[in-house]
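Notes to accompany the following structure.
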Amino acid sequence: MSGKILAVDDDPLNLKLVVATLGKEGFEVLTASNGKEGYLKAQEFQPDLVILDVMMPEMDGYQVCSSLRKNPKTANLPVMMLTSLSSVEQKIKGFDAGADDYLAKPFAPDELIAHVKALMRRKISEGEVEVKANGKIISVFSLRGGVGVSTLASNLASGLASLWGESTVLVDLALAAGQSALMFNLPYRRSWGNLGRLPIEHIEPLLINEVLLQHSSGVRILASSPQPEQNEYLTGDKVTHVLRLLSQQYPYIVLDLSHDFHEVTLAGLDASHEIILLLSPDLAGVRAAVCALTVFENLKYPKEIIRLVENWIFPKGGLTRSDIEKALGRAIDLQIPYASEQIVKAINMGSPPVYSDPQSPLGALFEDFAFLLSKETHKKTKPQSPTPAWVRVVRRFQQRQAKKP
């Protein structure tokens, strides 16, 4: 990203840090060492953003900001207050003076960059028609841990990307110990932690895209932060906002949900067009599924958007399919066979079977399931340039049809 930024601070060390941090990101950074100089340079150079310290000689930051807002030439300039005065009262005073954002010193470089980029993108004019959200949101959920939610979510995301040749987003909402990035062997360079502390109005599409990790399969991942405390700032409203923006840009968004009904999980479920309820073939797994279905019913989720998937996590034993269906009062849509060795290898290598070995029985199963969950418009129309995954799915379907009596 490029742009011209004016940093105003009477501390040379702080100015040097801001210049070094933002300069590496491609910004041109002008500086001023006091408020009066900063105000005059803002008139002369018309920067794209002004970063103001508060305690300065000549004019303090509040006075500079207020003066900028009164001048028609600079009235609409984005202004960030960057100061050690971080009390609520000081923040309110800064916003009253016309500041758009407030960041306390000392700051982390990544945090400054994220705030600056968000402000630089806030140029949506009034009355602009909002882009329609066409992306399909699919949640993978279980109240019981250890049944393969992350495995199914990662294979589903990869399968959808391979089928339709378009990027699919995998959103990790297992905030305590999310594994989505590890499922693709990607380092946690960026995560929800880069978004969680920002005000909702600062979280915009281009900023979200910069936070997404990218994998060669076509999957983009919004990872859970490896530092759980960074996820504490994430709220249900922010999740809803991010999912809405993602669904305006991507055809499919897959959610890897936590094993609970906390605020963030409910925000993901509420936004979903389809919910995959995963269970294991034992009493604990069935009990968790019964509880989840009861909550879904109380929340008025349509029954037709809920699909049951049984993951056979045991080498032997387990309840029969008919007993489970009887207990749940509905049919199981998909059974994942016991494949411990292949799944463990996939997790350790960071390569989902549907991507690394799509023609294996397990890879084909995930690929076919991804097709089943695809949009009706996709399933009913042959792509102009069919992907290898699409060809494989259609061929298997035709083979199954030919075997029917």
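A few points about this structure:
- Residue check for LEU222: under 28 Å from PHE371 (Cβ atoms), modelled with pLDDT of 95 or more and in contact with a Phe, Trp or Tyr (Cβ under 6 Å, 6 or more places away or on another chain): no
- Among residues of the stretch 18-38, those that are assigned to a loop (DSSP other than H, G, I, E, B) and either crowded, with 19+ Cβ neighbours inside 10 Å or touching a residue at least 12 places away in the same chain (Cβ under 8 Å) (or both), counted: 4
- Where ASP260 falls short, out of the listed (1) modelled with pLDDT of 90 or more; (2) more than 18 Å from ALA153 (Cα to Cα); (3) over 10 Å from the mean Cα position of the chain (by Cα): (2)
- Flag for GLU297 being free of Cβ contacts under 8 Å to residues at least 24 places away in the same chain and under 18 Å from MET183 (Cα atoms): no
- In the stretch 233-242 there is at least one residue matching the filter, namely being part of a loop (DSSP other than H, G, I, E, B) and more than 19 Å from ASN134 (Cα to Cα).
- Within the stretch 6-16, tally of residues that are in contact (Cβ under 8 Å) with a residue 40 or more places away in the chain and farther than 21 Å from PRO72 by Cα: 4
- Filtered residues of the stretch 340-371 (kept if outside any helix (DSSP H, G or I), hydroxyl-bearing (Ser, Thr, Tyr) and within 28 Å of HIS273 (Cα to Cα)): SER351
- Of the criteria (1) without any contact (Cβ under 8 Å) to a residue 60 or more places away in the chain; (2) at positive phi, which one ARG190 fails: (2)
- Only one entry in SER374, SER385 is within 28 Å of the chain's Cα centre (by Cα), touching a residue at least 12 places away in the same chain (Cβ under 8 Å) and in a loop (DSSP other than H, G, I, E, B), namely SER374.
- Filtered residues of the stretch 251-268 (kept if out of contact with any helix residue (DSSP H, G or I) (no Cβ under 8 Å at 6 or more places or on another chain) and part of a helix (DSSP H, G or I)): THR265
- For the stretch 306-316, the count of residues that are more than 17 Å from SER139 (Cβ to Cβ) and of a type in the set (Phe, Trp, Tyr) is at least one.
- Within the stretch 296-333, the set of residues being among the aliphatic types (A, V, I, L, M), assigned to a loop (DSSP other than H, G, I, E, B) and farther than 23 Å from LEU362 by Cα comprises LEU299 only.
- Contact annotation: no residue pair with Cβ atoms under 7 Å, 6 or more positions apart or on different chains, pairs a residue in the stretch 138-150 that is not assigned by TED's automatic domain parsing to the domain that holds LEU243 with a partner that is part of a loop (DSSP other than H, G, I, E, B) and modelled with pLDDT under 95.
- Qualifying residue in the stretch 311-329 (condition: assigned by TED's automatic domain parsing to the domain that holds SER154 and within 23 Å of LEU173 (Cβ to Cβ)): yes
- Hey, LYS380 within 20 Å of ALA157 (Cβ to Cβ) and surrounded by fewer than 17 Cβ atoms within 10 Å (Cβ to Cβ) or not: no
- In this structure, SER374 qualifies as at pLDDT 95 or above and surrounded by 18 or more Cβ atoms within 10 Å (Cβ to Cβ).
- Residues in the stretch 178-215 that are over 20 Å from GLN248 (Cα atoms) and among the aliphatic types (A, V, I, L, M): ALA181, LEU182, MET183, LEU186, LEU198.
- One residue stands out in the stretch 39-68 among those that are over 17 Å from LYS105 (Cβ atoms) and small (Gly, Ala, Ser): the one that is surrounded by the most Cβ atoms within 10 Å (Cβ to Cβ), namely ALA42.
- If you go through the stretch 54-81 and keep only what is closer than 14 Å to LYS41 by Cβ and in a loop (DSSP other than H, G, I, E, B), you end up with MET56, GLU58, MET59, ASN71, LYS73, THR74, LEU77.
- For the stretch 286-295, the criterion of being in a loop (DSSP other than H, G, I, E, B), surrounded by fewer than 17 Cβ atoms within 10 Å (Cβ to Cβ) and at negative phi is met by none of the residues.
- Considering GLU210, GLU166, GLU204, the condition of being surrounded by 19 or more Cβ atoms within 10 Å (Cβ to Cβ), of a type in the set (D, E, K, R) and touching a residue at least 24 places away in the same chain (Cβ under 8 Å) is satisfied by GLU204 alone.
The values are calculated or read from the model by the stated rules, or taken from the named source; none is laboratory data. Bear in mind that the values here come from a model prediction, so they are computed numbers and not experimental data. Glycine gets a Cβ as well: all are built from the backbone with ideal geometry, and neighbour counts include every protein chain shown.
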